[in-house]
Structure formats: structure tokens, C-alpha cells
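Undergrad: The structure under discussion is supplied below as C-alpha cells; questions concerning it will follow.
The values are calculated or read from the model by the stated rules, or taken from the named source; none is laboratory data. Nothing here was measured: the structure is a model prediction, and the numbers come from that model. Here the Cβ is made from the backbone with ideal geometry for all residues, glycine too, and neighbour counts use every protein chain on show. The protein model used for the area step is the full one, side chains on, heavy atoms only, and it has no ligands, DNA or RNA in it. Shrake-Rupley method; radii C 1.70, N 1.55, O 1.52, S 1.80 Å.
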Amino acid sequence: MPQRRSHVSPSAAQTELAAALAGLREAADAPVGFPPAVLAEAERATPPLPSLDLRDLSFATLDPAGSRDLDQAFQLERTASGYTVRYAIADVPAFVVPGGAVDAEARRRGQTLYAADGRIPLHPPVLSEDRASLLAGLDRPALVWTFLLDPTGAVTEFRLERALIRSRAQLDYVGTQQSLERGEDGPASLLPEIGALRIEQERLRGGASLNLPDEEVVRAPDGTYAIERRSPLPVEEWNAQLSLMTGMAAASLMLDAGIGILRTMPEPDAEAFETFRHQTEALGRPWTTGTYGEYLRELDRRDPITLPVLEAAASLFRGAGYRVFDGAPPKDAVQAAIAAPYAHATAPLRRLVDRWTLTICLAVSNGEPVPEWVRGSLDELPTLMQESGQRASRLNAATINTVEAALLTPLVGTTIDATVIELRGERASIQIAEPAVTATAPVPPGAKPGEAVRLRVVRADIGAGEVEFAL
């Protein structure tokens, strides 16, 4: 889907919107500022330099433009037998004292929250956006995964080591995609090749990717807010494959060691698959052969029916959670969409659980006992992550609803065009092209997903984040 951005123009609605968004941030049930003791401990954190020096390797980061909390850096090489992929992760365990003030505050937060008017970070910015972040041109301790891949992209060997690195370039998605399309040489030159091979490995495993368009509230330089809706660029999907590969390696290390925390998701049951098959038939894009992952990969992103199909497929990607084990590995260890055991291990600056995963994996890799603080706190992680995930979902949904109401405020009393995405009884999920809004509305009898409908905007309440339509 092409990028589309709709702005709330400076007006009384803009003023009301700013106040409503500030209220959401205050009501997010998450602390915004850090206590003095946490800030003081973060300032004092000075981890010892690793003995392994990899600063001669040309690592690079790849993130949204302007990012400061850089968790990962990659370095890609072609070899006589395939490829070498080095994936460096910010060494947050080296900066956070177990049982200390920063640790306790991070457990209270669970993850970084993203609000329209700023982030609520997991760690103090002196760590997350400075000393622990893999910023270009600066020496940083990192946990470096080294993968050896064969010519098909399959992993033949991997290891994890603590090392000193220096990122040489801070890349962003849009600029890197354009550079790759121009055929320019750079640190990401091998990413399309390796990414495509890893996507094929995903297909061979029976994995599936949903890749629904992202809907994000952004703030323009003039202070106005907007909703940006876009599908991931190819470079984002290739980059994501490096993270998936790392998460699978982390899971295998922990399963072999008999201790860890996995990110799991159950396989959809026969009823869910049958329901989805009927939905694809009703949409005129029947799923008749292959796995659901292969079917989703073959959809034409330019087809207006693809979005309703992806919305219907979302029902197959439910039930994700965290599974802790210390002893016998769990029976339900697989993340069904990935089609392999998987663990969160690549975003420790922004997600609490990754620090535990990395600490366990490093101990196992070094042949050392897993620290007692890890064993003693494993059981609390699923609840902490579930609570923080719910906070993030509530804040994100409320933010988008509030901005959508502001976008539609000038259109109250007018008639607009919309596309039906998914039927929900006598109502439907609808998508408005301009302004970019997704909402629920009544639809005419017999309307089908993918069809256009005409609706009247009856009400838009910015404070409540509510909109109302009529036929």
C-alpha cells in the first residue's frame, strides 16, 4: 500500500487534540519520568570493556529515520561456502545491575511505550539513547551473534560472544531501500540476497508472515498530527529475517540448556483454518493449495482485496505468549507463525524480557551457570510482559482513535467514500482513503469486503476518541 498521510490542520480541533493526547499519556498507567535514584545509577553505570575487539568490522544499524535507541547492528559477508552474518545486540545486561534501581524501574515498565507526543522509555535516555545504544562512530559493548549460512541461507553454525564494536553507519529504511534499488554498494548490499534466502527458509519451515499495513500517529515539524499508513518496505522484511534468525538461535540455546523463556503461539485449529478458507472464497481470492503462509506470500499487494484478506488472516495469528521453563523443556515450545521455537532476544533497550534471554544465552555459550537472579525472577516475566503489552495496546488504540476523531471533525455532516474491509454483522470495519481513517460503521445489506460505500459523518468526539457514521 502506498504511503498516505492525513494531517489535522492547526485549528481549535488541533488544540483540543493536543490536550487529549497529553491526557492519554498521563492516563497510560506508566511512569513518564525516572526517579532520581534510577537516573543516578544509570549515570554511574560503567561496564568493563570486553576482551574481544571487533571494531575493525564494518557494522551498521538499520532503523526508522531519527532513531536513537539502536538495539541491533549487522555485518554481512559472502564466503566460499555461503555467508557470514554478524548481528550485534546492545549489551544492556552489562549496564543494568540485577536488583538495582534501574532493574526495578525497568520491571515496573516492561517495555518502551510510544505515544503521539513522545516515548515513555524502558530505560533512562542516558542508557537507551546514548551509552548503551549502538550509535555510529562510537565504541560500544555488544553481544555479537555470528551465523554461518550455507548457499541456501540455512544456518550451519552460530555462536554468541561479548565484544567491543563500532558501528560505521546509521541507516534508515527509506534511504536504504532507495540505495539498494539504485544498485549502490554499501553495508546493506547483501541484505536483499540473504533476506530472500531466509524468507525461502521460512517457507520451507511452513512459517507465515502477516505484514499488515502499519498505522502510526506521527507529528509533523509544524506541530500538527497525522496518521501514516503504509506497508513494510522490502528492506524491513529482509532486516526482520535477521532478527527472526537470532530469536530462533536463542531459543535453541535455551532449550538445550533446559532453562529460558520462549515466545510461543499455538497453531490455529481446524475450525480457524476452515473459517479463513470460507472468508477467502467470499472475497474472491480462495485459498486452495499450499500452506496459509505460502498463500499469504503470494497475495498481490496492489490488489484492493488483499487488505481484507490480511485482516481476515489476523485471526490465525492469535494466542501469542511467553513460556518459562527451568528443567524439562515445554511441550508447546513452537511459535506457530515462525514454525520453530523462538525467543525475544534482539531489543533489550526497548523490551524487558530480552535482557533475561541474552543473559541466559551468554552464560550457556560460555559454559557458565545461569545467574541466580535470572532463575529467581523467570516466573514473574510473563505477567510483567503481558501487563506492559496491554498498556501499549491500550495507549496505541486510544491514540489512533483520538487522532482519527480529530481528522474527521471538519467533515461532520458531510458524505465520504469508504471501502469495506471486514464484515461484523450489520456493521463493518471500513477504511477511508482521505483522511486516512479505519473505523467501524453500518453498511448496506449485501455489502461485501472490498466494495465501496458512501457514509455520512454524524459525530466526531476528540476527547472520547469516538466517531459515528450513518448510511
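Undergrad: Could you tell me whether region 207-225 includes any residue that is in contact with a His (Cβ under 8 Å, 6 or more places away or on another chain) and under 30 Å from P369 (Cα atoms)?
TA: Within region 207-225 (the criterion being in contact with a His (Cβ under 8 Å, 6 or more places away or on another chain) and under 30 Å from P369 (Cα atoms)), the answer is no, since none of the residues qualifies.
Undergrad: Kindly list, by first and then second residue, each pair from a residue in region 394-420 that is of a type outside the set (G, A, S) to a residue that is open to solvent by 50 Å² or more (accessible area, probe 1.4 Å) and modelled with pLDDT of 90 or more, limited to pairs with Cβ atoms under 6 Å and residues at least 6 apart or on different chains.
TA: T415/R454; T415/R456
Undergrad: How about region 73-106: which of its residues are touching a helix residue (DSSP H, G or I) at 6+ places or on another chain (Cβ under 7 Å) and part of a strand (DSSP E or B)?
TA: F74, L76, Y83, V85, Y87, I89
Undergrad: Here's something else I'd like to know. Could you please find all residues in region 292-310 being within 22 Å of A439 (Cβ to Cβ), touching a residue at least 24 places away in the same chain (Cβ under 8 Å) and either in a helix (DSSP H, G or I) or in contact with a Leu (Cβ under 6 Å, 6 or more places away or on another chain) (or both)?
TA: I305, L307, P308, V309, L310
Undergrad: If you don't mind, another one. Hydrophobic (A, V, I, L, M, F, W, C), at pLDDT 95 or above and buried (at least 17 other Cβ atoms within 10 Å of the Cβ) - does that describe any residue in region 60-68?
TA: yes
Undergrad: May I pose another question? Scan region 363-395 residue by residue and report those that are among the aliphatic types (A, V, I, L, M) and either more than 20 Å from A249 (Cα to Cα) or more than 24 Å from the chain's Cα centre (by Cα) (or both).
TA: A363, V364, V370, V374, L381, L384, M385, A392, L395, listed by residue number.
Undergrad: Sticking with this one: Could you list, in sequence order, the residues of region 155-177 that are open to solvent by 50 Å² or more (accessible area, probe 1.4 Å) and in a helix (DSSP H, G or I)?
TA: V174
Undergrad: Test of understanding: among A313, A339, which residue is in contact (Cβ under 8 Å) with a residue 40 or more places away in the chain, crowded, with 18+ Cβ neighbours inside 10 Å, at positive phi and in contact with a helix residue (DSSP H, G or I) (Cβ under 7 Å, 6 or more places away or on another chain)?
TA: A339
Undergrad: For region 162-192, how many residues meet the condition of being touching a residue at least 40 places away in the same chain (Cβ under 8 Å) and either out of contact with any helix residue (DSSP H, G or I) (no Cβ under 7 Å at 6 or more places or on another chain) or of a type in the set (V, I, T) (or both)?
TA: 16
Undergrad: A further question follows. Does V324 satisfy being in contact (Cβ under 8 Å) with a residue 24 or more places away in the chain, out of contact with any helix residue (DSSP H, G or I) (no Cβ under 9 Å at 6 or more places or on another chain) and either open to solvent by 10 Å² or more (accessible area, probe 1.4 Å) or within 17 Å of G206 (Cα to Cα) (or both)?
TA: no
Undergrad: Still on this model: What are the residues in region 265-289 that are among the hydrophobic types (A, V, I, L, M, F, W, C) and in contact with a Leu (Cβ under 7 Å, 6 or more places away or on another chain), if any?
TA: Of everything in region 265-289, those that are among the hydrophobic types (A, V, I, L, M, F, W, C) and in contact with a Leu (Cβ under 7 Å, 6 or more places away or on another chain) turn out to be A272, F276.
Undergrad: Looking only at region 304-331, how many residues end up being modelled with pLDDT under 90, of a type in the set (D, E) and over 19 Å from the mean Cα position of the chain (by Cα)?
TA: Residues in region 304-331 being modelled with pLDDT under 90, of a type in the set (D, E) and over 19 Å from the mean Cα position of the chain (by Cα): 0 in total.
Undergrad: Which one of these is assigned to a loop (DSSP other than H, G, I, E, B) and among the β-branched types (V, I, T): T264, T289?
TA: T289
Undergrad: Same structure, new question: I'm checking my understanding of the structure. Among residues of region 107-154 that are open to solvent by less than 50 Å² (accessible area, probe 1.4 Å), among the aliphatic types (A, V, I, L, M) and part of a strand (DSSP E or B), which one is modelled with the lowest pLDDT?
TA: Residue satisfying both the conditions and the ranking: A115.
Undergrad: Given (1) under 30 Å from G23 (Cα atoms); (2) open to solvent by 20 Å² or more (accessible area, probe 1.4 Å); (3) in contact (Cβ under 8 Å) with a residue 60 or more places away in the chain, identify the lone condition not met by L381.
TA: Unmet for L381, out of (1) under 30 Å from G23 (Cα atoms); (2) open to solvent by 20 Å² or more (accessible area, probe 1.4 Å); (3) in contact (Cβ under 8 Å) with a residue 60 or more places away in the chain: (2).
Undergrad: So, one more: Only one residue in L39, L57 is of a type outside the set (S, T, N, Q), modelled with pLDDT of 95 or more, in a helix (DSSP H, G or I) and surrounded by fewer than 19 Cβ atoms within 10 Å (Cβ to Cβ), so which one is that?
TA: L39
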